[in-house]
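Notes for the one structure printed next.
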Amino acid sequence: MSRAVQVALIGQKFMGRAHSNAWSQVNHFFELACTAERHTVAARDAREIEAFAKHWGWKKWTTDWRTLAADDEIELVDVGTPNDVHAEQAIAMLEASKHVACEKPLAGSLADARAMRDAAKKAKRKAKTFVWYNYRRCPAVGLAWKLVQAGRIGRVYHVRAHYLQSWGGADTPLLWRFQKKHAGTGAHGDLNAHIVDLARFLVGEEIAEIHGAIERTFVKERVIPGTKKKGKSDVDDCVLFLASFAGGATASFEATRLAHGHQNDNFIELNGEKGSLRFSFEDMNVLWFCDGTQPLETRGWQRIMSTSAAGGHPYAKHWWPDAHVLGYEHGFVNMAADILRVLGGEAPELPLPDFEDAYQTQRVLEAALVSARERTAIQLSDVR
Ligand SMILES: NC(=O)c1ccc[n+]([C@@H]2O[C@H](COP(=O)([O-])OP(=O)(O)OC[C@H]3O[C@@H](n4cnc5c(N)ncnc54)[C@H](O)[C@@H]3O)[C@@H](O)[C@H]2O)c1
């Protein structure tokens, strides 16, 4: 007998759609002790919310997210709103003993992220927390994690990661994502957040030092949507930084929204004493592996289609036959499955980031900004 988990969602645009799809698909593909029931969706736009709820199968809808806290039927609240409201919403739900699954970055500022981490610690006996670092749940990334864990690349020496997008420069209007008061940062919190999470996840160590960083804003004004007026675009367009891990591995991170030709180029490579691994989201079903212990005559990159259930590739057995490839939305469905597994007392297929974990990513992001602004190296132990 499965147990129904009543889920509420806040936010009904991009992530609202991705998460609604995940909650609606997860029990079609995964056999789990818990099922997800779409209870209530909350968002600000009174003109859109009813149609959204009906389209995605949410039983109820509201423009007042605060009412979710008082609803005893709701067990899990999923936060898919802009970064500046994550803290207020997540903390209110944790105080009402709801489990919370929050979008990334954990918050727009380190202070908010710390408050969320503290609230999660306080609510720990009653409520669990999750953060939607969805790229961990691409099967190829999961396979990379398994290979690192199994020692197949040995000690990690270098990590190089970039996340490049092309947003159309000054033509892109002044969305909340370009406003510091809502987003906190630009490409940094949006894109570097993902690759810092991936690097910490795959290496299995914390970042200990930022050695130097550059933060730049090239486009300083954008058209305010629905008007002809321009407003201030006051977040970074790109941030690049160098870091090292506690175990000594070196790392480079690079995020920009101004890279023509790169639409969603989330890339990470690990070079270790025994081999290398490489993943690029634009070819997300593939993991590249170079086994450095092979004879030189045949040593080289192996292209692994990471969709084989028989091969034990993460999540593969829940989907389609080999190489019937997965896409962006499957990472969210895989994550919804792991959240339900944890709520049902089972182990997730791959480790899930909680607020404490995402707070560590936020510390790295903050340290990189301080490094860029002060033009100096920063020890992570000084950033709390
Ligand atoms: N994991 C990923 O790959 C990924 C991708 C995109 C966005 N995100 C994250 O998801 C979050 C949402 O981004 P998005 O792209 O969906 O934004 P969006 O602008 O498409 O949607 C934001 C939604 O939040 C609602 N909202 C805004 N302020 C609110 C408030 N105070 N109370 C209630 N509802 C409010 C809006 O009405 C809208 O429905 C951000 O934190 C973003 O960084 C993650």
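FYI, it's all coordinate maths here, none of it is from the lab. Because the structure is predicted, anything quoted here is derived from the model rather than measured. Cβ: placed from backbone, ideal geometry, glycine included. Neighbour counts: every protein chain shown.
Quick rundown of the values:
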{"item": "Residues listed by number, segment 149-176, amide nitrogen under 11 Å from Lys228 label point at 7 Å toward C-beta", "result": "none"}
{"item": "Range of Cα positions in segment 61-175 per principal axis (Å), largest first", "result": "49, 45, 28"}
{"item": "Too-long pairs where the Cα-Cα distance tops 24 Å, listed order kept, from Lys180/Lys228; Lys121/Lys317; Lys60/Lys317; Lys13/Lys181", "result": "Lys121/Lys317; Lys60/Lys317"}
{"item": "Mean ellipticity per residue at 222 nm, deg cm²/dmol - from DSSP H runs of n ≥ 4 across the chain, formula -39500 (n - 2.57)", "result": "-9500 deg cm²/dmol"}
{"item": "Pair Ala111, Glu374: separation of 7 Å Cα→Cβ label points (nm)", "result": "1.8 nm"}
{"item": "Nitroxide proxy distance, nm - points 7 Å out along Cα→Cβ at Ala33 and Met305", "result": "3.6 nm"}
{"item": "Separation of the Lys124 and Asp45 label points, Cα + 7 Å toward Cβ, nm", "result": "4.0 nm"}
{"item": "Volume per residue that the Cα convex hull of the chain spans, once the total is divided by residue count, Å³", "result": "146 Å³"}
{"item": "Fraction of beta bridges assigned by DSSP in the chain that are antiparallel (%, nearest 5)", "result": "60 percent"}
{"item": "Neighbour cut-off at most 14 other Cβ (10 Å), DSSP loop, GluC sites (Glu not before Pro), segment 208-286", "result": "Glu273"}
{"item": "Selected from Ala119, Gly248, Leu277, residue furthest toward positive end of dipole (the chain; charges at beta carbon)", "result": "Ala119"}
{"item": "Normalised contact order of the chain, rounded percent, pairs of Cα under 8 Å and 6 or more residues apart", "result": "20 percent"}
{"item": "Top positive-direction residue, dipole computed over the chain with Cβ charges, set His318, Ala36, Pro295", "result": "Ala36"}
{"item": "Beta bridges by DSSP in segment 3-134, antiparallel share as percent, to the nearest 5", "result": "0 percent"}
{"item": "Length gained when the stretch His55-Lys220 is fully extended (0.36 nm per residue, less Cα-Cα span)", "result": "55.6 nm"}
{"item": "Cα gyration tensor shape of segment 134-180, rounded if a/c is under 1.5, else prolate or oblate by comparing a/b with b/c", "result": "prolate"}
{"item": "Equivalent ellipsoid semi-axes, segment 187-272, via Cα gyration tensor eigenvalues times 5, rooted, Å", "result": "31, 13, 10"}
{"item": "Only Lys, Arg (+1) and Asp, Glu (-1) charged, at Cβ; the chain dipole about Cα centre in debye", "result": "480 debye"}
{"item": "Positive minus negative residues near Ala187 (Lys, Arg vs Asp, Glu; Cβ under 9 Å)", "result": "-2"}
